[in-house]
Amino acid sequence: MEGQEGLPEQAVQSTMLLALYGRAKASRAFPEVMHDDAAVQLVAHMDYDFSQIDRSYASEYTSLCCLVRAKRLDERCAAYVSEHPQGAAVNLGAGLDTTLNRIGGGSVRRYNVDLPDAMAFRQRFIAPDEGSTDIAKSVFDYSWLDQVDSPDGSVFVL
């Protein structure tokens with residue numbers, strides 16, 4: 001069964017909207033902490049009723065926690081990219097997360113891994129950019145590891 005925008009109404013896949021909306025809402029409220037322009041744009045252009053999700057982020061504290069978490073991940077990813085320019089970064093259960101897009105990556109190879117239906121939904125809104133690869137597999141199907149290439153042998157996993 002599919003919901004709005006063709007999103008499967010399954011708990012695992014639908015959670016991608018929670019984090020996306022949280023980053024968008026908090027980015028608008030606290031741009032001095034971090035601004036996830038991609039999340040703001042995605043939420044603005046999705047034909048989806050976020051009112052139920054909005055209740056999860058009713059408090060300023062909850063919104064700020066979501067944004068600080070995203071900022072810390074960005075900082076960790078950026079540090080990894082700086083230290084391992086020939087490495088690989090893998091975002092497991094990527095959903096609609098844009099961490100690897102935000103940090104750029106230079107020559108770091110970037111991979112987004114998620115369930116096939118979640119990845120198909122992601123690709124409707126976020127096209128893989130140069131240097132990134134989308135892998136439509138369960139994180140428990142370890143064959144996705146065969147697609148990860150890291151010239152220097154290091155891998156950063158989100």
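The values are calculated or read from the model by the stated rules, or taken from the named source; none is laboratory data. Computed from a predicted model, the values in this text were never measured in an experiment. As a convention, Cβ positions derive from the backbone with ideal geometry for all residues, glycine included, and neighbour counts pool all protein chains shown. To get the accessible areas, we keep the full protein, side chains included, count just its heavy atoms, and leave off ligands, DNA and RNA. Shrake-Rupley method; radii C 1.70, N 1.55, O 1.52, S 1.80 Å.
Looking at this structure, is Asn112 under 25 Å from Val40 (Cβ atoms) and in contact (Cβ under 8 Å) with a residue 60 or more places away in the chain?
Working: under 25 Å from Val40 (Cβ atoms): yes; in contact (Cβ under 8 Å) with a residue 60 or more places away in the chain: no.
Considered against the rule, which asks whether it is under 25 Å from Val40 (Cβ atoms) and in contact (Cβ under 8 Å) with a residue 60 or more places away in the chain, Asn112 comes out as no.
Against the conditions (1) modelled with pLDDT of 90 or more; (2) in contact with an Asp or Glu (Cβ under 9 Å, 6 or more places away or on another chain), where does Leu96 fall short? Just the number, please.
(2)
Residues in the range 145-156: is at least one under 27 Å from Val33 (Cβ atoms) and surrounded by 13 or more Cβ atoms within 10 Å (Cβ to Cβ)? It would help to see each step written out before you state the result.
In the first step, residues of the range 145-156 are kept if they are under 27 Å from Val33 (Cβ atoms); the result is 156.
With the extra rule that they be surrounded by 13 or more Cβ atoms within 10 Å (Cβ to Cβ), the set shrinks to 156.
Yes, the range 145-156 contains a residue that is under 27 Å from Val33 (Cβ atoms) and surrounded by 13 or more Cβ atoms within 10 Å (Cβ to Cβ).
Tell me, please, whether a residue that is assigned to a helix (DSSP H, G or I), charged (D, E, K, R), closer than 20 Å to Asn112 by Cβ and modelled with pLDDT of 90 or more can be found in the range 29-39. Break it down into steps so the answer makes sense when it comes.
Residues of the range 29-39 assigned to a helix (DSSP H, G or I): 29, 37-39.
Narrowing the set further to residues that are charged (D, E, K, R) leaves 37.
So of that shortlist, the ones also closer than 20 Å to Asn112 by Cβ come out as 37.
Within this subset, residues satisfying the condition of being modelled with pLDDT of 90 or more are 37.
Looking through the range 29-39, at least one residue is assigned to a helix (DSSP H, G or I), charged (D, E, K, R), closer than 20 Å to Asn112 by Cβ and modelled with pLDDT of 90 or more.
Taking the condition touching a Ser or Thr at 6+ places or on another chain (Cβ under 7 Å), open to solvent by less than 50 Å² (accessible area, probe 1.4 Å) and more than 23 Å from Arg28 (Cα to Cα), does Tyr80 pass? So that I can check it myself, show each step before the final result.
Working: touching a Ser or Thr at 6+ places or on another chain (Cβ under 7 Å): no; open to solvent by less than 50 Å² (accessible area, probe 1.4 Å): yes; more than 23 Å from Arg28 (Cα to Cα): yes.
Against the criterion (touching a Ser or Thr at 6+ places or on another chain (Cβ under 7 Å), open to solvent by less than 50 Å² (accessible area, probe 1.4 Å) and more than 23 Å from Arg28 (Cα to Cα)), Tyr80 does not qualify.
Would you confirm whether any residue within the range 95-104 is outside any helix (DSSP H, G or I), touching a strand residue (DSSP E or B) at 6+ places or on another chain (Cβ under 7 Å) and surrounded by 20 or more Cβ atoms within 10 Å (Cβ to Cβ)?
Start the filter on the range 95-104 by keeping residues that are outside any helix (DSSP H, G or I), which leaves 95-98, 103-104.
Subsequent filtering for residues that are touching a strand residue (DSSP E or B) at 6+ places or on another chain (Cβ under 7 Å) retains 95, 97.
When the remaining residues are screened for being surrounded by 20 or more Cβ atoms within 10 Å (Cβ to Cβ), the result is 95, 97.
Within the range 95-104 (the criterion being outside any helix (DSSP H, G or I), touching a strand residue (DSSP E or B) at 6+ places or on another chain (Cβ under 7 Å) and surrounded by 20 or more Cβ atoms within 10 Å (Cβ to Cβ)), the answer is yes, since at least one residue qualifies.
Are any residues in the range 117-144 surrounded by 12 or more Cβ atoms within 10 Å (Cβ to Cβ), part of a loop (DSSP other than H, G, I, E, B) and within 13 Å of the chain's Cα centre (by Cα), and if so, which ones?
Ile126, Pro128
List the residue pairs whose Cβ atoms are under 9 Å apart, where the first residue sits in the range 15-30 and is under 16 Å from Tyr61 (Cβ atoms) and touching a residue at least 12 places away in the same chain (Cβ under 8 Å), the second is among the polar types (S, T, N, Q) and crowded, with 17+ Cβ neighbours inside 10 Å, and the two are 6 or more positions apart or on different chains.
These pairs meet every condition: Gly22/Ser63; Arg23/Thr98; Lys25/Ser63; Ala26/Ser63; Ala29/Ser63; Phe30/Ser63.
List pairs: first residue in the range 41-68 and closer than 15 Å to Leu96 by Cβ, second residue outside any helix (DSSP H, G or I) anywhere in the structure, Cβ distance under 9 angstrom, at least six positions apart or on different chains.
The qualifying pairs are Leu42/Leu96; Leu42/Thr98; Leu42/Ile126; Val43/Phe50; Tyr48/Gly3; Tyr48/Leu7; Cys66/Tyr57.
For the range 47-64, state whether one or more residues are under 22 Å from Pro128 (Cβ atoms), in a helix (DSSP H, G or I) and within 18 Å of the chain's Cα centre (by Cα).
No, the range 47-64 contains no residue that is under 22 Å from Pro128 (Cβ atoms), in a helix (DSSP H, G or I) and within 18 Å of the chain's Cα centre (by Cα).
If I filter the range 1-28 down to residues being modelled with pLDDT of 55 or more, within 13 Å of Ala118 (Cβ to Cβ) and of a type in the set (S, T, N, Q), which single residue comes out as most open to solvent (accessible area, probe 1.4 Å)?
This residue is Thr15.
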